[in-house]
Amino acid sequence: MTIDSMRAAPHQGDDGGPGLVQLLTPEGERVEHPDYPLDVTADELRGLYRDLVVVRGIDREAVSLTRQGELGLWASLLGQEAAQIGSGRALTGTDMVFPTYREHGVAYCRGVEPIKLLGMFRGVNHSGWNPAEHGFHLYTIVIGSQTLHATGYAMGIQRDGVLGTPNAGAAIAYFGDGATSQGDVNEAFVFASVAHAPIVFFCQNNQWAISEPLERQSRIPLYRRAQGFGFPGVRVDGNDVLACLAVTRAALENARTGQGPTLVEAYTYRMGAHTTTDDPTRYRLKSDEEAWKLKDPIERVRAYLAREGLASETFFRSVDDEAKAVAADLRKECRALPDPPPGAMFEHVYAAPHPLMTEEQEAFAAYLDTFEEVPA
Ligand SMILES: Cc1ncc(C[n+]2csc(CCOP(=O)(O)OP(=O)(O)O)c2C)c(N)n1
Ligand SMILES: [Mg+2]
C-alpha cells in the first residue's frame, strides 16, 4: 500500500459500504452472512417487531408531550429503533449498559419504565431508576464520558475472575458518531484494548452530531478505527434488527469469554431532530431523509413477516393498538407526575451525609424560608 492510496477518501455512501453486515434487506428479504448465522423463531421475530413499534410509539408520545410543554426536552430515537432493540435484546441479565441520553429502546429492553425516562426530561427526577437493578446505568449527557466508566466497570468484571464462567457479564457502552472524536472515547479504547477488557463499544452512527456531519468526524469508516487500537471493529446495518442482534450477541459473547473488546458501528440515520430544541432543516437535505425513509427499520420486519406468512393483519393491528395504549398511559402518568419539593435536589448526590452538602442544604432551606406562604 502506498501513501497516496492510503490517503484516498473513505467510501461512505449511504449504503454503508462493502463491510456492512446485513441479515434483512430494506425490502424485507432475509439474507445470510457467513460470520453471523442467526436462528430466530417466528415468535421471536414477532416479539422484535412489537418492541420496535412500541418503542417508536413511546418516543413519538414523548416528542408530543414536549411540544405541549409537559417535558423540557426530548432526544428522539426515531430511525434508530433497530440498533437499540437488536443490541438491547442481545443483552443478558449480568451485562451492564452505559448509555447516552438517546437509548430509550435499550432502557425499554432492560425493564426501565418509560415514565422514569420522561420524569428526567420533565425535570422531576435525577434519572429515576436504580442502575444495579436494571443493569442499565444512568443517562449520560457529557459526550463520551460513559465509555471510560464502562471500561473501568469491565476491568472490574475481569478482576472478579468470572470471565468464561456462566456468571460472566460484559459491559456495553453506547455512544454516537460525534462522540468518537472525544478524548474520553479514545482513552477508553486504549485502556480496554491493553487490559483486554470485557466490553462492547456500540456506536450508533446516525450520520450527525447535532449539525456536524460524519465527514467532520472521520476520514475513514468509524469501525476501522478499532484496528488501530488493537481490537476488532465491525459495521452492521443499524436499521436491521436481526443483524444488530446477531453482531452484538457475538461481540458480548467474545467479551464474556475473555476475548476482549469489540467496536460495533451501527450504521443508521437520525430521522428526527437532534433534540426537540433543534431544527435539522437548517443544515441537511430533505432528499437524504427521503432516501433513509426507504430503509425504515420497522417496515422491513413487517414486510418480511407478511411475505413469509409469519404474521397476520390482526397481529399488526393488535401491535399498533398496544403501542397506542402504552402511549396513552404514558401521557396520563406524565401529567400526573408530582413536582418534587425544592430540597429534593440534594438527595442522592452522595450515599452518606456530606458536610458541604449539609451546609448548602441548610442555606437553601433558610433562603426558602424568606418567602411568604402564598395561600392556595
Ligand atoms: C463533552 C460535551 N461536549 C459537547 C456537548 C454538547 N453536545 C450534546 S449532544 C452533542 C452531539 C453528539 O453527537 P453524537 O455523538 O453523534 O450523538 P447523537 O446525539 O447523534 O446520538 C454535543 C456536541 C456535550 N453534551 N458534552
Ligand atoms: Mg450522531
Legend entry - Folded to 0 to 90 degrees: helix 313-335 orientation relative to the chain principal axis, Cα: 30
Inset, instruction - In nm, give the distance between the simple-model label positions of Thr2 and Glu29, each being 7 Å from the Cα along the Cα-to-Cβ direction. - result: 3.9
Legend entry - Loop GluC sites (Glu not before Pro), the range 304-376, which have at most 14 other Cβ atoms in a 10 Å radius of their Cβ (DSSP): Glu308, Glu347, Glu372, Glu373
Inset, instruction - Please list the radius of gyration and Dmax for the range 17-340, considering alpha-carbon atoms only, with Å as the unit. - result: 18.8, 54
Inset, instruction - Select from Pro166, Leu148, Leu24 the residue farthest towards the positive end of the dipole of the chain; place +1 on Cβ of Lys and Arg, -1 on Cβ of Asp and Glu, and compute about the Cα centre. - result: Leu24
Legend entry - Rounded to 10°, Cα long-axis angle of helix 241-256 versus longest principal axis of the chain: 80
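Which translational diffusion coefficient, to the nearest whole µm²/s, is obtained for the range 281-356 from the Stokes-Einstein equation, given a Kirkwood hydrodynamic radius over C-alpha pairs, 37 °C and 0.692 mPa s?
Details: Rh = 17.9 Å.
D, rounded to a whole number, is 183 µm²/s.
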Inset, instruction - Rank Thr41, Pro338, Ser211 by how far each Cα sits towards the positive end of the charge dipole of the range 17-340 (+1 on Lys, Arg Cβ; -1 on Asp, Glu Cβ) and give me just the farthest. - result: Ser211
Inset, instruction - For helix 183-195, report the angle its Cα long axis makes with the longest principal axis of the Cα atoms of the chain; keep it between 0 and 90° and round to the nearest 10°. - result: 60
Inset, instruction - For Gln227 and Ala363, calculate 0.36 nm times their separation in residues minus their Cα-Cα distance, and state this gained length in nm to one decimal. - result: 43.6 nm
Inset, instruction - With a cut-off of at most 14 other beta carbons within 10 Å, and DSSP calling the residue loop, which trypsin sites (Lys or Arg not before Pro) in the range 150-239 qualify? Please list them. - result: Arg219
Legend entry - Within the range 17-340: Cβ-based charge dipole about Cα centre, in debye rounded to nearest 20 (Lys, Arg +1; Asp, Glu -1): 420
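Determine Rg/Rh for the range 181-234; Rg is computed over alpha-carbon atoms and Rh is the Kirkwood hydrodynamic estimate from the same atoms.
Here Rg/Rh amounts to 0.97.
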Inset, instruction - At q = 0.14 Å⁻¹, what is the base-10 log of I(q)/I(0) for the range 18-93 according to the Debye formula with one equal point scatterer per Cα and no solvent? Please give it to two decimals. - result: -0.60
Inset, instruction - Once you have all Cα-Cα distances for the range 218-334, histogram them in 5 Å bins from zero and send the whole-percent values. - result: 2, 9, 11, 13, 16, 17, 15, 11, 6, 1, 0
Legend entry - Cα Rg, Dmax (largest Cα-Cα span) when computed across the range 160-280, Å: 15.0, 49
Legend entry - Paired Rg and Dmax values of the range 201-259, which use every Cα atom, in angstrom: 13.0, 39
Legend entry - Spatial separation of Cα centroids for the range 83-114 and the range 295-370, in angstrom: 14
Inset, instruction - Apply the Debye scattering formula to the range 65-123, with a single equal point scatterer on each alpha-carbon and no solvent, then give log10 I(q)/I(0) at q = 0.23, 0.27 Å⁻¹. - result: -0.95, -1.17
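Laboratory data are not the source of any read-out in this text; all were calculated from the coordinates shown. Model, not experiment: these values are computed from the prediction. Neighbour counts run over all protein chains shown; Cβ positions are idealised from the backbone, glycine included.
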